Structure formats: C-alpha cells, structure tokens
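As structure tokens, the structure follows; a few thoughts come after it.
We did not get these values from a lab; they are worked out from the coordinates using the rules stated. Treat the numbers as computed from the prediction; the structure is a model and nothing was measured. Counting neighbours? That spans all protein chains shown, and the Cβs are built from the backbone with ideal geometry, glycine included.
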Amino acid sequence: MQIQAIECVEILFEYILNDDGLHDSVKSLLSHLHTPLLKLALLDETFLSNPKHDARQLVNKLITAGENWITDDTSTENNIYQHMQSVVKKILQTLITIIAIKYLVMSQRNSIPI
C-alpha cells in the first residue's frame, strides 16, 4: 500500500507540474505540498480512496484557483495568489509542528525514570 501511495502522489504532482493551464509560480507554490501530501497518503488511506477527502478537495480547489489565476502578478494586491500562498504556508507550518512534536516525544520517552 505504501508504494501505491507514493506512486499516486507522484502522479498527482506530475499532473500539476505538466498542467499548461497553471502559471509557473502556481506550480512552484503547489509543489511545496508534495511532502505533506505524501505523508498524509502514507498515514491516511482514505486520502487516496475517498474523492471527498478534505485534503483532496483542498488540493482540487487550489488547482482550480491556480488555473483561474492567469497573471504574473504575485504582489499583495493579488488576492487569489496570496490566499493560496497563505494556505500552503499554514499546511507547511502544521507539518513542521507535527514533526517537532514527534521528535520531542521520541527524545523524551526514555528520560522518564520508571
């Protein structure tokens, strides 16, 4: 199952990077989601099997928003791109927090004298 999850996420990102309807800056932004979505696919089988999975719907909305955003303007005046950037940033920050908690738990589990 893990190999299938890895392959499915790889196919998704190949699709995103080869989508001529997406501006290069949007492709670059969405490519930052590769690791979080790969981790999710490995931990939650429903991500790949359930088309209504919240994360899948979010990715689909980000792709659709990116397809509708056809400009080189990545400035703060561009609400669509800025909103997409904010969503991606929150996802990445959450992943970093999860990794930090896991590391903390692993490093502290042997420190409790029993």
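What is the order of Arg56, Arg109, fewest Cβ neighbours within 10 Å to most?
Sorted ascending by nearby Cβ count, the order is Arg109, Arg56.
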Kindly express, to the nearest 10 degrees and within the range 0 to 90, the angle between helix 54-68's C-alpha long axis and the longest C-alpha principal axis of the chain.
30 degrees
Using a cut-off of 14 Å between beta-carbons, work out the net charge of the residues near Asp19 (Lys and Arg +1, Asp and Glu -1, Asp19 not included).
-3
What net charge is computed for the residues neighbouring Met1, neighbours being all others with C-beta under 13 Å from the C-beta of Met1, Lys and Arg scored +1, Asp and Glu -1?
-3
Relative contact order %, the chain, counting alpha carbon pairs below 8 Å whose residues are six or more apart:
28 percent
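Take the Cα gyration tensor of the range 2-108, multiply each eigenvalue by 5, square-root it, and list the three semi-axes largest first, rounded to whole angstrom. Present the calculation step by step, with values, prior to reporting the outcome.
Working: eigenvalues 134, 67, 25 Å².
Calculated on Cα positions only, the semi-axes equal 26, 18, 11 Å.
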Degrees separating the helix 34-43 axis from the principal Cα axis of the chain, which is the longest one:
50 degrees
Hey, what angle do you get for helix 79-108 against the long axis of the chain, alpha-carbon based, 0 to 90 degrees rounded to 10?
10 degrees
Mind checking which of Tyr15, Thr46, Leu104 is farthest towards the positive end of the chain's charge dipole, using Cβ charges of +1 (Lys, Arg) and -1 (Asp, Glu) about the Cα centre?
Leu104
If you place +1 on the Cβ of every Lys and Arg and -1 on the Cβ of every Asp and Glu, how big does the dipole about the Cα centre of the chain come out, in debye to the nearest 20?
740 debye
